[in-house]
Amino acid sequence: MSKKEHPQWKSRFGYIMVAAGAAIGLGNIWRFPYLAYAGGGGIFILLYLILAVIMGHPMVEMESAIGRYGRGNVAASFGAVNKKYSFIGIIAIVCTVLIDIYYVVVSGWVLKYTVAYVSGADFGVDTKKYFDGFVSSSVEPIVYTAIVVIITAFLLFFGITNLVEKVTKFIMPALFILLIICGIWAIFSTEGAVEGLKYYLLPDFSKLSVKVFADAATQILFSVGIGWGIFITLGASLPKENNIKKDAMWITLCDTSVALIAGFVIIPSAFGAGVDVASGPSLIFVVMTQIFDNLPGGRIIGLCFFIAIVFAVFSTLFTIFEIPVKWVEERFKMKHKVATVVVSGIIFLASIFVSLGFGVLKDFTLPWIDANGLAAYNLYDWLDTATAYVLLPLGCILTCFYVVRVWGIDAYEKELSAGGIKVKLSAFHRMLARIVIPVLMIIVILNCFGFIR
């Protein structure tokens with residue numbers, strides 16, 4: 001597809017909402033709070049904010065510029081300067097598909113709980129029993145996953161710059177409003193929430209460790225959406241007049257705000273209710289339903305909370321499906337709708353095994369080798385570790401290498417200045433791309449494999 005033929009965004013606001021929506025998803029509302037709690041609260045937040053500035057924003061900038069210059073799918077954009085570097089895009093596409101496979105499963109859980117709140121379902125005294133009973137089922141979670149995939153594919157039929165852009169322009173402001181309502185309610189309606197807020201906001205430097213750093217760094221990758229090819233895919237439709245530097249700033253700011261608000265809702269609420277926050281991936285399903293069910297008006301605010309997460313889920317799924325769809329469409333010369341069906345079908349079929357891994361296939365494991373020897377992970381944990389702690393950091397390292405060594409910093413600066421916008425990269429920003437970001441990502445990978453603790 002030529003640069004001229006590539007569809008463009010209808011408005012700058014629409015692009016920022018879709019791009020922010022792509023970044024804002026389960027990573028912010030589902031993954032961020034339990035990692036923030038496990039990482040010591042305030043010290044995790046401090047690291048997260050620093051990394052958002054020195055890594056999140058520059059990476060969004062670089063990926064957007066690569067996409068706008070290349071005007072194609074992720075692989076084609078990395079091959080725009082030299083085709084042999086298309087492999088960087090292929091790694092990003094593979095990583096995104098692997099994330100899609102388990103992301104749609106968790107998205108199905110969110111949809112199930114939203115429906116449960118609408119129908120007035122009884123979660124019982126033991127909310128963990130309700131959750132475990134649902135996820136271990138061989139049919140119901142797969143049905144909800146199928147619904148999520150079908151809705152995503154249907155909206156993508158009309159193109160990400162058409163119907164998806166219109167839908168996301170409504171979804172994103174609604175998401176912010178719903179989360180702010182939940183946050184205010186959580187603080188003023190839960191006794192003891194102030195202690196949780198202190199834990200969440202005040203850094204305790206005694207809790208600082210390489211593992212906490214690695215978790216904060218990989219959360220930036222997962223939450224902001226860097227290393228996937230998200231902003232390369234969206235940037236391919238950017239008009240030259242768009243100021244990538246400012247757009248990247250707004251996207252990172254929106255993403256970070258939602259993550260912080262999500263933690264602001266969940267951690268103080270759980271502290272105030274005296275429940276265990278260290279529930280890991282099941283946190284919002286087990287802990288939050290318990291809190292909502294035991295407080296006045298909890299059903300209404302619980303419904304708002306899960307509707308907000310549904311909005312976040314779809315705002316991300318549109319783009320992380322579009323990444324492989326666009327590659328299949330251009331690589332195999334398929335029509336967009338056919339490519340969407342093919343990719344959606346593959347993701348759904350693979351997701352069935354992840355879903356069954358919480359039930360009948362719970363004893364099925366895959367090997368993971370690190371410095372301590374051989375470990376065994378279930379399919380969900382293996383995919384999460386391989387993508388968040390290895391492939392996403394690798395994607396950032398390769399993107400920095402591409403910008404610095406293949407494309408060239410000066411050519412990158414020229415693309416940022418396209419459309420008459422004068423952008424001058426500071427020595428600090430050049431150092432981030434050349435040294436800082438790659439070193440940070442190497443630390444994450446080494447920690448994952450047990451070489452640094």
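The table for this structure:
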read-out	value
Percent carbon-and-sulfur accessible area, the chain, ignoring ligands, DNA and RNA, probe 1.4 Å	69 percent
Cα-centred dipole magnitude for the range 53-129, charges only on beta-carbon of K, R (+1) and D, E (-1), debye, nearest 20	280 debye
Residue-normalised accessible area of the chain, given per residue in Å² at a 1.4 Å probe	38 Å²
More than 40 Å apart - percent of Cα-Cα pairs taken over the range 33-449	14 percent
Cβ-based net charge around residue 99, under 13 Å, with every Lys or Arg adding one and every Asp or Glu removing one	-1
Taking the C-alpha atoms of the range 385-440, convex hull volume expressed per residue in Å³	82 Å³
Rounded tilt (10° steps) of 298-331 against the dominant C-alpha axis of the chain	30 degrees
Ranked by how many other beta carbons lie within 10 Å on average, peptides 107-120, 300-313, 202-215, 439-452 from highest	300-313, 107-120, 439-452, 202-215
Within the range 33-449: Cβ-based charge dipole about Cα centre, in debye rounded to nearest 20 (Lys, Arg +1; Asp, Glu -1)	1420 debye
Ranked by how many other beta carbons lie within 10 Å on average, peptides 354-365, 282-293, 414-425 from highest	282-293, 354-365, 414-425
Charge context of residue 342, other residues only, Cβ under 12 angstrom, K/R +1, D/E -1	+2
Distance (nanometres) between label positions extended 7 Å along Cα→Cβ at residue 363 and residue 335	4.8 nm
The chain, relative contact order in percent, only Cα pairs under 8 angstrom and at least six apart counted	31 percent
Filter on 245/335; 207/424; 129/362; 112/326; 83/335; 112/333 - keep pairs with C-alpha separation over 27 Å	245/335; 207/424; 112/326; 112/333
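The values are calculated or read from the model by the stated rules, or taken from the named source; none is laboratory data. A quick note: this is a predicted structure, and the numbers were derived from the prediction, not measured. Ideal geometry is used to build each Cβ from the backbone, glycine not excepted, and the neighbour counts take in all protein chains shown. For accessibility, only protein heavy atoms count, side chains too; no ligands or nucleic acids. Shrake-Rupley method; radii C 1.70, N 1.55, O 1.52, S 1.80 Å.
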